[in-house]
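Enquirer: My questions all concern the structure below.
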Amino acid sequence: MSRQMGDSHRRFLQTMMGSGIIDQQGAKTLYQYCCETHNTQHAPDKLDDFIETINSKLQPMFMQIRKGMSEDNGQQYYALVNMAETDVTRMSSDYADNELELFGKTIELIVGSENGKASSTDILNSADMLTIKKLKKSETEHVLNRLVHDKWLNEKRGEYTLSTRCIIEMEPYIRTMYQDQVKMCHICRNMAFQCQICENPSCGIKIHNPCVARYFKGRSEPRCPACDDFWPHEIPEVRHTRSQSRR
Amino acid sequence: MTQRKRLSNTQSSTQNREEDDDTTFTQPSTSQVQRGLEKVTPAQVDQKTAEVVQYFLVKDQKKMPVRRADIVKHVVKEYRNIYPEIMKRAAHTFDQVFGLKLVEIDAKSHTYILINKLETTDGASPINSPANPKMGLLFVILSVIFMKEGVVKENVIWNTLKKLRVDPGKKHEDFGDVKKVVTDEFVRQRYLEYVRIPHTEPVEHEFRWGQRAEIEVSKARILEFMGELHGLEPQSWSQQYREAHPASNTQPGTSSQR
């Protein structure tokens with residue numbers, strides 16, 4: 001196939017611009033829909049080639065459709081990311097400076113935590129330390145709600161995690177800002193936030209929960225793939241649908 | 001931040017004047033552009049083009065029109081002498097990559113918007129974009145204005161919406177503050193014009209189609225919609241039909257809302 005973009009590519013890209021992130025199944029359906037709408041050839045296994053064609057034209061604009069895994073359910077997602085401003089400035093048209101600082105503090109808390117979560121209490125406390133302009137408690141809660149609504153954070157039972165979109169888009173930023181603290185998943189080699197940790201103090205590798213599920217599936221005695229110590233955590237089940245995404 | 005900051009840091013010292021006003025900017029001539037291009041590298045031109053494209057895309061998320069003065073002041077900056085070349089390339093990128101058309105809606109203030117070149121499809125897209133519900137509201141309002149021959153008093157709109165159980169005085173689940181969306185957001189996006197009728201006491205306003213609607217929304221589609229609603233052929237409204245199909249058979253109904 002040629003690398004020329006057609007209207008099917010443009011429609012796919014426009015939809016991505018509207019939604020920001022879609023799961024793999026959604027991307028496949030959309031791919032088929034775009035091809036059918038513009039009467040172009042649709043090869044179900046060529047989604048990544050199709051996206052590559054779009055990316056080759058997006059590259060001069062410092063944009064890219066990038067693939068990444070959800071830490072909640074292990075599914076692949078596609079996100080449209082902006083590489084010119086991978087960091088928080090991308091959001092600067094939507095958020096005030098002190099709101100961005102709060103978001104930075106939240107990322108910091110999550111990166112520094114063992115389980116990839118930050119409690120609302122900790123975030124509210126860190127709001128007192130904002131240097132630009134303090135946020136009241138109600139304002140902080142409002143900002144957090146917006147960050148969840150805009151798909152930068154996920155919230156469950158008062159605990160905040162980085163959304164899949166945030167991880168895909170902010171990866172270069174987080175890697176540079178927190179290079180000493182960020183750990184990679186031993187299995188998939190991507191950044192790991194919500195994960196299990198090897199309890200051998202001299203090892204301490206991290207593995208994403210969905211990667212744990214896949215790696216240890218069917219093994220009778222789970223052992224750390226790095227140090228071979230016993231893996232003491234509960235092994236989650238491999239999940240196939242998004243609906244059962246709560247561990 | 002990286003690229004943007006680096007670029008603006010290197011040359012910010014050359015720009016001290018405040019140029020909020022478009023009058024300080026004169027469109028450079030072709031030969032000036034030629035000479036300007038000789039002084040910059042292709043990579044610099046590409047970089048500026050990318051920044052202009054990004055700037056438009058951010059503004060377009062909220063469908064805000066972009067003024068030339070703002071592009072020059074916030075993005076193009078010291079590359080102002082090759083501004084026409086940068087805009088030409090940005091327009092080409094919108095066309096080729098994004099399926100969008102860069103349109104100047106006001107030649108006096110040099111204001112631009114992006115219009116979708118891809119036609120809306122009959123089948124619903126499998127992925128719903130978040131902006132959709134408000135577009136439904138807009139479509140109804142544009143329909144009413146169109147059927148009333150281009151201009152209606154605001155009360156007509158509010159009463160129509162009330163009949164559809166959308167009360168402009170109350171907060172709506174999907175639209176939020178309905179009155180604000182209609183009289184402020186749609187107006188800023190240039191979908192609607194909301195103008196005070198002179199010499200009225202108490203104050204009255206009227207609605208017309210805005211410039212974006214004129215370019216982006218298909219009148220033929222609106223007539224089809226009205227036809228379905230009333231169980232009639234679109235031709236039943238002869239005056240509207242003529243307006244929707246100007247030279248009778250030239251492209252009935254192109255793109256509409258995204």
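The values are calculated or read from the model by the stated rules, or taken from the named source; none is laboratory data. Because the structure is a prediction, the values reported are computed rather than measured. For neighbour counting, all protein chains shown are included, and Cβ atoms are generated from backbone atoms with ideal geometry for every residue, glycine included. Accessible surface is based on the protein model in full, side chains and every heavy atom, while ligands, DNA and RNA are left aside. Shrake-Rupley method; radii C 1.70, N 1.55, O 1.52, S 1.80 Å.
Enquirer: Loop only by DSSP, 16 or fewer other Cβ within 10 Å of the Cβ. Give me the trypsin sites (Lys or Arg not before Pro) in the stretch A:93-142 that pass, ordered by residue number.
Expert: When the trypsin sites (Lys or Arg not before Pro) of the stretch A:93-142 are filtered for loop state and at most 16 Cβ neighbours within 10 Å, A:Lys133, A:Lys134, A:Lys136 remain.
Enquirer: If you average the C-alpha positions of the stretch A:157-217 and of the stretch A:29-55 separately, how far apart do those two centres end up, in angstrom?
Expert: Value for the Cα centre distance between the two parts: 31 Å.
Enquirer: Let me ask you something else. Could you run the numbers on buried accessible area between B and A, total for both chains, 1.4 angstrom probe, in Å² to the nearest 100?
Expert: When B and A are taken together, about 2500 Å² of accessible area is lost.
Enquirer: Please report the relative contact order for the stretch A:7-82, taking Cα pairs under 8 Å with a sequence separation of at least 6, and give it as a percent rounded to a whole number.
Expert: Here the relative contact order equals 36 percent.
Enquirer: Amide H to amide H under 5 Å from A:Val81: which residues, 5+ apart in sequence or cross-chain, H placed 1.01 Å off N in plane?
Expert: Placed amide hydrogens put A:Gln64, A:Ile65, A:Arg66 under 5 Å from A:Val81.
Enquirer: For the residue pair A:Asp180 and B:Asp46, what label-to-label distance in nm results when each label sits 7 Å from Cα along the Cα-to-beta-carbon direction?
Expert: 3.7
Enquirer: Considering only protein heavy atoms, with the full assembly of protein chains and a 1.4 angstrom probe, order A:Arg157, A:Arg66 by accessible area, largest first.
Expert: Largest to smallest exposure gives the sequence A:Arg157, A:Arg66.
Enquirer: Once the dipole of the stretch B:126-217 is set up with Lys and Arg at +1 and Asp and Glu at -1 on Cβ about the Cα centre, which of B:Val156, B:Val217, B:Val203 lies farthest towards its positive end?
Expert: B:Val156
Enquirer: Given a Förster distance of 56 angstrom, what is the FRET efficiency for B:Ser109 paired with A:His149, based on the Cβ-Cβ distance and rounded to 0.05?
Expert: Plugging the Cβ-Cβ distance into 1/(1 + (r/R0)^6) gives 0.95.
Enquirer: Multiplying the sequence separation of A:Gln32 and A:Ile197 by 0.36 nm and subtracting their Cα-Cα distance, what value in nm do you get?
Expert: Contour length minus the Cα-Cα distance gives 55.4 nm.
Enquirer: With +1 on each Lys and Arg Cβ and -1 on each Asp and Glu Cβ, how big is the dipole of the stretch A:106-247 about its Cα centre, in debye rounded to the nearest 20?
Expert: Value, rounded to 20: 520 debye.
Enquirer: For B:His199 and B:Lys170, what is the calculated FRET efficiency with R₀ set at 30 Å and r taken between the beta-carbons, to the nearest 0.05?
Expert: 0.45
Enquirer: Identify all lysines with a Cα-Cα distance to B:Lys171 below 21 Å; exclude those on the same chain that are fewer than 8 residues away in sequence.
Expert: Partners within reach: B:Lys62, B:Lys134, B:Lys162, B:Lys163, B:Lys179, B:Lys180.
Enquirer: Now a separate question. At B:Lys179 and A:Asp23, where each label point lies 7 Å from the Cα along Cα→Cβ, what is the point-to-point distance in nanometres?
Expert: 4.2
Enquirer: Let me know the charge dipole size of chain A about its Cα centre in debye, to the nearest 20, where only the beta-carbon of Lys, Arg (+1) and Asp, Glu (-1) is charged.
Expert: Charge dipole of chain A: 480 debye, to the nearest 20.
Enquirer: Do any residues of the stretch A:3-42 show a loss of at least 30 square angstrom of accessible area between the isolated chain and the full protein assembly, using a 1.4 Å probe, and if so which?
Expert: Residues losing area: A:Arg10, A:Arg11, A:Gln14, A:Thr15, A:Met17, A:Gly18, A:Tyr33.
Enquirer: For the stretch B:50-91, with only Lys/Arg (+1) and Asp/Glu (-1) charged at the beta-carbon, what is the dipole magnitude about the Cα centre, in debye rounded to 20?
Expert: For this selection, approximately 160 debye.
Enquirer: Further, regarding this structure: Using the basic label-point model (7 angstrom from Cα toward the beta carbon), what is the B:Lys163 to A:Ser56 distance in nanometres?
Expert: 5.4
Enquirer: Run the accessible area of the protein assembly as shown with a 1.4 Å probe and give the carbon-and-sulfur part as a rounded percent.
Expert: Summing carbon and sulfur atoms, their accessible area is 48 percent of the total for the protein assembly as shown.
Enquirer: Can I ask one more? Over every pair of different alpha-carbon atoms in the stretch A:120-199, take the mean of 1/r and invert it; report that Kirkwood radius in Å.
Expert: Evaluated over the stretch A:120-199, this radius sits at 14.3 Å.
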